[in-house]
Amino acid sequence: MDIIKPGYTRISEIISRYSGYDKIPPDILQAACDRGTAVHEIIDAIISGIGYPEIPDNLRGYIESFYGWYADRISMEFTMPDRWYADAAMITGKCDCLIKLPNGFTTLVDFKTSAKLNKTWKIQGGGYHFLADCNNVVINEIEFVKLDKSGDPAESFLYRPHDAAKLFTCALEMHKYLSE
């Protein structure tokens, strides 16, 4: 269970007003959150080398999509970072993993089970970059990976860290202003 320090705001809360999720009926949104959490747990187990004993039928496509993406990267160095905090801004967030590329660069990766791209992904990636920077972690690239529920190839969305961080900083300032 991921416990957040009291008084800190999550990146997802900061960007939520821009996501459009407030227009989705609560039961459908909760089911999507539960599905995403389950897929992430399976992926974490696979990357960690633990494996996953049985993949439920309703998640099988997402995991097949992940394996297609992972096959080209399996020999790379993956790490699962702890939750990051930025004390001065009182914000927190946790990306899914970091990959050390053969050229020495680090890619921040986040997996998505959404049916389509959400423009807030770039802002979210910028938030993670902001947090990584506050925690002395150098990020050279941000990759959001949209997994396919039917098992088709995953779709990658690449963001330049500093461009994404600029967007996040604007969202953070708006969040602070509207929360006063």
If we scan region 65-87, do we find a residue that is farther than 26 Å from F168 by Cα, in contact with a helix residue (DSSP H, G or I) (Cβ under 6 Å, 6 or more places away or on another chain) and of a type in the set (A, V, I, L, M, F, W, C)? yes
Is there any pair with a first residue in region 86-113 that is free of Cβ contacts under 8 Å to residues at least 40 places away in the same chain and a second that is part of a loop (DSSP other than H, G, I, E, B) and buried (at least 17 other Cβ atoms within 10 Å of the Cβ) whose Cβ atoms are under 7 Å apart and which are 6 or more apart or on different chains, and what are they? T106/I139; V109/C95; V109/D96; D110/C95; D110/D96
Subset of region 38-63 [closer than 26 Å to E77 by Cβ and surrounded by fewer than 11 Cβ atoms within 10 Å (Cβ to Cβ)]: G49, I50, G51, P53
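For region 88-101, enumerate the residues that are surrounded by 12 or more Cβ atoms within 10 Å (Cβ to Cβ) and touching a helix residue (DSSP H, G or I) at 6+ places or on another chain (Cβ under 9 Å). Walk me through it before giving the result.
In the first step, residues of region 88-101 are kept if they are surrounded by 12 or more Cβ atoms within 10 Å (Cβ to Cβ); the result is 89-101.
The answer is A89, I91, T92, G93, K94, C95, D96, C97, L98.
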Restricting to region 106-140, name every residue that is at pLDDT 95 or above and part of a loop (DSSP other than H, G, I, E, B). T113, N135, N136, V137, V138, I139, N140
Just one of the numbered conditions (1) under 19 Å from F144 (Cβ atoms); (2) at pLDDT below 90; (3) loosely packed, with under 15 Cβ neighbours inside 10 Å is not true of A71; which one? (2)
Applying the selection to region 3-41, what residues are more than 29 Å from Y52 (Cβ to Cβ), touching a helix residue (DSSP H, G or I) at 6+ places or on another chain (Cβ under 6 Å) and modelled with pLDDT of 90 or more? I14, I15
Matching residues in region 1-41 - criterion: being under 15 Å from the mean Cα position of the chain (by Cα) and outside any helix (DSSP H, G or I): D2, R10
Scan region 41-62 for residues that are closer than 19 Å to D152 by Cβ and of a type outside the set (G, A, S) and jot them down. I42, I43, I46, I55, P56, D57, N58, L59, R60, Y62
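The values are calculated or read from the model by the stated rules, or taken from the named source; none is laboratory data. Since we're looking at a predicted model, the values are computed, not measured. Methodologically, a virtual Cβ is constructed for each residue, glycine included, from the backbone with ideal geometry; neighbour enumeration extends over all protein chains shown.
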